[in-house]
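Step one of this worksheet: look at the structure below.
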Amino acid sequence: MLVETHLGRVAPSECDHLGHMNVQFYVAKVSDAAWHVMASIGITPAFIRERRQAPAAVRQEIAYLKELLAGDLIRMDSGVLEASERKLTFYHRLVKVETGQVAMTSKVFTVNMDLDQRRSTPLDTAVLARALERRLAEEPAR
């Protein structure tokens with residue numbers, strides 16, 4: 001199940017000398033979207049503060065598919081692609097609203113981390129259950 005995790009526009013300050021949105025801002029939007037998709041399965045800021053655990057990104061794959069220009073309206077949809085005892089893989093798709101074209105996709109591979117011990121720890125059982133329940137059947141088509 002995909003959830004909307006960002007709705008906005010490309011700001012002129014996010015564009016580089018080539019005239020399109022610079023890669024650093026794609027990554028920043030994925031990072032912001034991560035908080036919303038995590039909250040959708042129960043990993044809220046309050047949960048992280050109280051339980052002292054959170055997914056830590058260990059790898060990211062990004063496909064840049066269409067250029068985005070200043071003023072383009074954009075929407076990010078995100079979901080859980082894979083879930084296991086200690087790992088979650090999040091999927092993000094950035095769409096150009098006017099055309100419906102997918103501009104970027106990203107997979108972020110995470111390990112659940114104990115924030116005090118700084119090592120992997122099992123996911124909360126309720127979080128894992130929600131992640132499995134809402135998991136995407138497959139990676140959406142571009």
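The values are calculated or read from the model by the stated rules, or taken from the named source; none is laboratory data. Treat the numbers as computed from the prediction; the structure is a model and nothing was measured. Cβ sites come from the backbone with ideal geometry, for glycine too, and all protein chains shown count toward neighbours. Areas reflect the complete protein model, heavy atoms only, side chains present, ligands, DNA and RNA absent. Shrake-Rupley method; radii C 1.70, N 1.55, O 1.52, S 1.80 Å.
When the range 109-118 is filtered for residues that are surrounded by fewer than 16 Cβ atoms within 10 Å (Cβ to Cβ) and either of a type in the set (Ser, Thr, Tyr) or not in a strand (DSSP E or B) (or both), the ones remaining, listed by number, are Leu115, Asp116, Gln117, Arg118. The residue list Ala34, Ala54 contains one member that is under 19 Å from Ser120 (Cβ atoms), part of a helix (DSSP H, G or I) and either at pLDDT 95 or above or hydrophobic (A, V, I, L, M, F, W, C) (or both), which is Ala34. Scanning the range 124-136 for residues that are within 10 Å of Glu85 (Cα to Cα) and open to solvent by 70 Å² or more (accessible area, probe 1.4 Å) returns a single hit, Thr125. None of Glu98, Glu82 is within 21 Å of Leu7 (Cβ to Cβ) and out of contact with any helix residue (DSSP H, G or I) (no Cβ under 8 Å at 6 or more places or on another chain) except Glu98. Between Thr121, Thr99, the distinction of being polar (S, T, N, Q), exposed (fewer than 15 other Cβ atoms within 10 Å of the Cβ) and more than 15 Å from the chain's Cα centre (by Cα) belongs to Thr99 only.
Taking the range 64-93 as the range and being closer than 24 Å to Met21 by Cβ, open to solvent by 20 Å² or more (accessible area, probe 1.4 Å) and either in a loop (DSSP other than H, G, I, E, B) or touching a residue at least 60 places away in the same chain (Cβ under 8 Å) (or both) as the test, the residues that pass are Leu65, Lys66, Glu67, Ala70, Gly71, Leu73, Arg75, Arg93. Could you go through the range 51-68 and let me know if any residue there is out of contact with any strand residue (DSSP E or B) (no Cβ under 7 Å at 6 or more places or on another chain) and more than 15 Å from Thr5 (Cβ to Cβ). Yes: the range 51-68 contains one or more residues that are out of contact with any strand residue (DSSP E or B) (no Cβ under 7 Å at 6 or more places or on another chain) and more than 15 Å from Thr5 (Cβ to Cβ). Kindly indicate whether Ser106 is of a type in the set (Ser, Thr, Tyr), assigned to a strand (DSSP E or B), open to solvent by less than 20 Å² (accessible area, probe 1.4 Å) and farther than 21 Å from Asp16 by Cβ. So Ser106 fails the test. For Leu136, indicate whether it is under 28 Å from Met21 (Cβ atoms), within 15 Å of the chain's Cα centre (by Cα) and part of a strand (DSSP E or B). The answer is no for Leu136.
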